[in-house]
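Comments concern the structure below.
Values quoted throughout were computed directly from the atomic coordinates according to the rules given, and no laboratory measurement underlies them. On a predicted model such as this, the values are computed, not experimentally measured, just so you know. Here Cβ is always computed from backbone atoms with ideal geometry, including for glycine, and neighbour counts include all displayed protein chains.
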Amino acid sequence: MSSLFNMANGMMNFASANLTIQLTPKKWEDRQLIFCVREPFRSKWSNAEIVAGEIRENESLHLESQMAEGGVIFSDGMEQDFLEFNAGAVLDIRVAKKYTSLIYMNS
């Protein structure tokens, strides 16, 4: 249950710290990523400082793991599609240079 409170608190901090964020749906062509951490875990030995945010074009989010073992990173709830993320591993998340177009046929 505490992870839900951590997530809600982090989302509130993100929204109040970044008042330029619009709470309206983004356009498909927008060159940005908006993220949130599902069930962030805070304990005596860990924190949950980065719970939500926005990554714009030409920006990146840099993360470094401090987990001795068992660290993983995954997206979209697909835990079986994880990457190992143990101590010393680094990750940079940014908007991709290449993109595709969504084709929608209204019938």
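Annotation: extensible slack from residue 41 through residue 93 equals 16.7 nm (criterion: 0.36 nm per residue apart, minus Cα-Cα distance). With θ taken as phi - 60° and the Karplus curve 6.51 cos²θ - 1.76 cosθ + 1.60 applied, the whole-hertz 3J(HN,Hα) list for the stretch 97-107 is 6, 9, 8, 10, 10, 8, 9, 10, 9, 8, 9 Hz, x standing for glycine and proline. Measuring r between the beta carbons of residue 60 and residue 107 and using R0 = 41 Å, the FRET efficiency lands at 0.55.
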